[in-house]
Amino acid sequence: MANRKTALKLTKRTLDATPCPEMGQVFLRDTEIPGFGLRLTKSGKAFILEKRIHGRMRRLTIGAYGPLR
């Protein structure tokens, strides 16, 4: 399973232009907001927050990227 990580400034243009991977997942992390990022999977894109909670690193899904349904 692919699990690639990239850090860049997350903008709407960047998010729209980034394709979803065929398999696995890719993480785009924001350079301006620590812990904030986007998870790309075959099924779509979701905003995430990574923080240390009670001494353990946790990844929380904030919500899907795209139009609200």
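The values are calculated or read from the model by the stated rules, or taken from the named source; none is laboratory data. If you're wondering where the values come from, they're calculated on a predicted model, not measured in any experiment. With ligands, DNA and RNA removed, areas are computed over all heavy atoms of the protein, side chains included. Shrake-Rupley method; radii C 1.70, N 1.55, O 1.52, S 1.80 Å.
Averaged per residue, what accessible surface does the chain expose to a 1.4 Å probe, in Å²? It would help to have the intermediate numbers written out before the result.
Details: 5220 Å² over 69 residues.
In whole numbers, the chain has 76 Å² accessible per residue.
Using a 1.4 angstrom probe on heavy atoms only, work out the carbon and sulfur share of the accessible area of segment 2-42 in %.
On the way: 1490 of 2660 Å².
With neighbouring chains kept in place, the figure for segment 2-42 is 56 percent.
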